[in-house]
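Q: Below is the structure I would like to discuss, written out as structure tokens.
The values are calculated or read from the model by the stated rules, or taken from the named source; none is laboratory data. Bear in mind the structure is a predicted one, so any value in this text is a computation, not a measurement. Glycine gets a Cβ as well: all are built from the backbone with ideal geometry, and neighbour counts include every protein chain shown. Areas reflect the complete protein model, heavy atoms only, side chains present, ligands, DNA and RNA absent. Shrake-Rupley method; radii C 1.70, N 1.55, O 1.52, S 1.80 Å.
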Amino acid sequence: MKSLVTGAAGFIGSHLTEALLAAGHEVVGLDDLSTGRAANLAEVAGHPSFRLVEGSILDRRLVSELAQGADRVFHLAAAVGSFVIRDRTLAALRTNIHGTENVVEAACQAGARLLLASTSEIYGKNDKAGLREDDDRVAGSPLRSRWSYAEAKAIDESLVDAYVREKGLRAVIARFFNTVGPRQTGRYGMVIPRFVRQALAGEPLTVFGTGEQVRCFCHVADVIPAVVALIDCEPAAGQAVNLGSSEQVSICELAHRVIALTGSDSGIKRQTYLAALGPGYEDMMRRVPDCSLAAGLVGFAATRSLDDILRSVIGEQAALQGAACAL
Ligand code: UDP
């Protein structure tokens with residue numbers, strides 16, 4: 001089995017690449033190393049069935065060349081992270097719309113099955129506890145830059161849907177809800193690696209807004225087996241499928257838990273969204289998935305608790321800091 005993984009050097013992409021290789025797949029990874037890092041692939045760098053190509057999904061010819069001969073295309077490459085969307089909105093829109101169009105067309109031409117990585121951002125400000133795949137989007141203004149990511153991903157989903165219906169593409173859409181775990185960096189805004197880094201460094205943890213906003217964090221190790229299974233799951237074809245945990249936590253409570261688990265004496269510093277993320281930012285106050293569709297299709301279950309997740313991220317960051325101190 002030959003797989004193309006776009007975004008292979010990213011946080012989720014690198015875990016997926018390892019899992020595919022362990023399952024005996026041949027994997028070609030494509031990554032422009034903008035937010036991904038070759039170091040994420042250190043464990044598989046010399047693997048005889050793996051090749052990393054440095055390039056962009058905006059390079060139509062390259063994408064088409066790499067998709068030829070692939071049985072599976074996992075499309076994870078995207079501009080992600082609230083800081084990236086804030087600072088490079090236009091480039092992010094181009095990557096997430098035109099880049100995806102290239103990948104979808106290439107998968108279709110190659111006759112490969114496709115999995116599109118999408119996002120819980122799709123639901124926008126819908127704060128229903130237990131969002132189902134067919135629930136409405138509650139869209140913020142497209143003139144607020146925060147929503148441009150959701151806009152682009154919604155176009156990607158519609159594009160895949162049209163290719164499925166009109167061109168016979170075999171594809172499934174995975175909507176990730178706050179996937180976290182080792183190798184995720186806080187550099188682009190993701191809250192758990194940021195809080196852990198701040199706590200370990202003895203810096204105040206930066207809580208944006210009131211801190212009452214609620215999220216459900218899911219360990220990447222729970223998500224990956226479902227991603228691998230979904231691309232081949234016949235009843236999933238043509239559908240969007242939520243992947244996430246239902247364990248809710250407010251961001252304020254999250255900050256306290258990180259402080260307790262690290263044993264840090266850091267305090268908490270509140271920042272307005274304006275100060276932290278600039279004008280054009282709006283948050284959603286609660287985002288909780290219903291994952292019964294994924295459970296029924298591929299037996300998905302979020303088995304790791306938030307404390308398990310925090311311990312794994314703390315363990316990784318503490319080891320990295322320890323290694324840096326030893327140099
Ligand atoms: N957040 C925060 N402090 C930070 C980074 C993020 O309070 O240093 C908040 C952010 O405003 C959001 C939540 O944490 O309400 C989760 O942010 P993240 O970017 O990880 O994911 P999102 O759910 O926004 O996609």
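Q: Hey, among the residues in segment 39-82 that are among the polar types (S, T, N, Q) and part of a loop (DSSP other than H, G, I, E, B), which one's nearest to ALA9 (Cα to Cα)?
A: Residue satisfying both the conditions and the ranking: SER56.
Q: Test LEU21 against the stated conditions and say whether it is modelled with pLDDT of 95 or more, more than 18 Å from ALA221 (Cα to Cα) and either open to solvent by less than 70 Å² (accessible area, probe 1.4 Å) or outside any helix (DSSP H, G or I) (or both).
A: no
Q: Still on this structure: Just give me the residues in segment 257-279 being surrounded by 14 or more Cβ atoms within 10 Å (Cβ to Cβ), of a type outside the set (A, V, I, L, M) and more than 26 Å from VAL84 (Cβ to Cβ), in sequence order.
A: Correct list: ARG257, THR262, SER264.
Q: OK, next. When you look at LYS167, is it open to solvent by 40 Å² or more (accessible area, probe 1.4 Å) and in contact (Cβ under 8 Å) with a residue 40 or more places away in the chain, yes or no? Steps first, please.
A: Working: open to solvent by 40 Å² or more (accessible area, probe 1.4 Å): yes; in contact (Cβ under 8 Å) with a residue 40 or more places away in the chain: yes.
Yes, satisfied.
Q: For residues that are farther than 24 Å from PRO289 by Cβ and not hydrophobic (A, V, I, L, M, F, W, C), scanning just segment 98-112, find the one that is most open to solvent (accessible area, probe 1.4 Å). Write out each step before concluding.
A: Narrowing segment 98-112 to residues farther than 24 Å from PRO289 by Cβ: 98-99, 101-112.
Still in the list and also not hydrophobic (A, V, I, L, M, F, W, C): 98-99, 101-102, 105, 109, 111.
Details: HIS98: 97, GLY99: 0, GLU101: 82, ASN102: 24, GLU105: 52, GLN109: 128, GLY111: 46 Å².
The qualifying residue most open to solvent (accessible area, probe 1.4 Å) is GLN109.
Q: Take LEU293 and decide whether it is away from the ligand (no atom under 15 Å from the Cβ) and of a type in the set (A, V, I, L, M, F, W, C).
A: Yes, satisfied.
Q: Hey, among the residues in segment 44-64 that are touching a residue at least 40 places away in the same chain (Cβ under 8 Å) and open to solvent by less than 60 Å² (accessible area, probe 1.4 Å), which one's farthest from the chain's Cα centre (by Cα)?
A: Filtering first and then ranking leaves SER64.
Q: Does SER266 satisfy the criteria of being modelled with pLDDT of 95 or more and more than 10 Å from the ligand (Cβ to nearest atom)? Explain how you work it out, then say what you get.
A: Values: modelled with pLDDT of 95 or more: yes; more than 10 Å from the ligand (Cβ to nearest atom): yes.
Against the criterion (modelled with pLDDT of 95 or more and more than 10 Å from the ligand (Cβ to nearest atom)), SER266 qualifies.
Residue-by-condition table, conditions (1) among the aromatic types (Phe, Trp, Tyr); (2) closer than 21 Å to PRO235 by Cβ; (3) assigned to a helix (DSSP H, G or I):
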| residue | (1), (2), (3) |
| --- | --- |
| LEU115 | no, yes, no |
| ASN126 | no, no, no |
| GLU133 | no, yes, no |
| ALA150 | no, no, yes |
| ALA162 | no, yes, yes |
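Q: Scan segment 29-38 and give yes if some residue there is hydrophobic (A, V, I, L, M, F, W, C), free of Cβ contacts under 8 Å to residues at least 24 places away in the same chain, under 14 Å from PHE11 (Cα atoms) and part of a helix (DSSP H, G or I), otherwise no. Spell out the reasoning first.
A: Going residue by residue through segment 29-38, those that are hydrophobic (A, V, I, L, M, F, W, C) are 30, 33, 38.
Okay, now just the ones that are also free of Cβ contacts under 8 Å to residues at least 24 places away in the same chain, so none.
No, the conditions are met nowhere in segment 29-38.
Q: Can you tell me which of (1) within 15 Å of the ligand (Cβ to nearest atom); (2) over 19 Å from the mean Cα position of the chain (by Cα); (3) modelled with pLDDT of 95 or more; (4) surrounded by 17 or more Cβ atoms within 10 Å (Cβ to Cβ) is the one ASN126 doesn't meet?
A: So the condition that ASN126 fails would be (4).
Q: From the list ILE85, ILE155, ILE173, exactly one residue is part of a helix (DSSP H, G or I), within 24 Å of GLY10 (Cα to Cα), at pLDDT 95 or above and not basic (Lys, Arg). Which is it?
A: ILE155
Q: So, one more: Exactly one of these conditions fails for ALA78: (1) within 16 Å of the ligand (Cβ to nearest atom); (2) open to solvent by 50 Å² or more (accessible area, probe 1.4 Å); (3) touching a strand residue (DSSP E or B) at 6+ places or on another chain (Cβ under 8 Å). Give me its number.
A: Result: ALA78 fails condition (2) only.
Q: Still on this structure, please answer the following. ASN178 passes all but one of (1) open to solvent by less than 20 Å² (accessible area, probe 1.4 Å); (2) touching a strand residue (DSSP E or B) at 6+ places or on another chain (Cβ under 7 Å); (3) within 11 Å of the ligand (Cβ to nearest atom); which number fails?
A: (1)
Q: Could you check segment 182-214 and list, in sequence order, the residues that are within 10 Å of the ligand (Cβ to nearest atom), open to solvent by less than 20 Å² (accessible area, probe 1.4 Å) and either closer than 15 Å to HIS256 by Cα or without any contact (Cβ under 8 Å) to a residue 40 or more places away in the chain (or both)?
A: Those that are within 10 Å of the ligand (Cβ to nearest atom), open to solvent by less than 20 Å² (accessible area, probe 1.4 Å) and either closer than 15 Å to HIS256 by Cα or without any contact (Cβ under 8 Å) to a residue 40 or more places away in the chain (or both): GLY186, ILE192, PRO193, PHE195, GLN198, LEU205, THR206, VAL207, GLY211, GLN213.
Q: Here's a follow-up. Residue check, GLU282 against (1) open to solvent by 40 Å² or more (accessible area, probe 1.4 Å); (2) outside any loop (DSSP other than H, G, I, E, B), all met but one. Which one?
A: (2)
Q: Looking at segment 249-260, I want the residues that are on the phi < 0 side of the Ramachandran plot and more than 11 Å from the ligand (Cβ to nearest atom) and have a partner that is open to solvent by 30 Å² or more (accessible area, probe 1.4 Å) and part of a helix (DSSP H, G or I) with Cβ atoms under 8 Å, at least 6 apart or on another chain. Which pairs are those?
A: ARG257/ASP307
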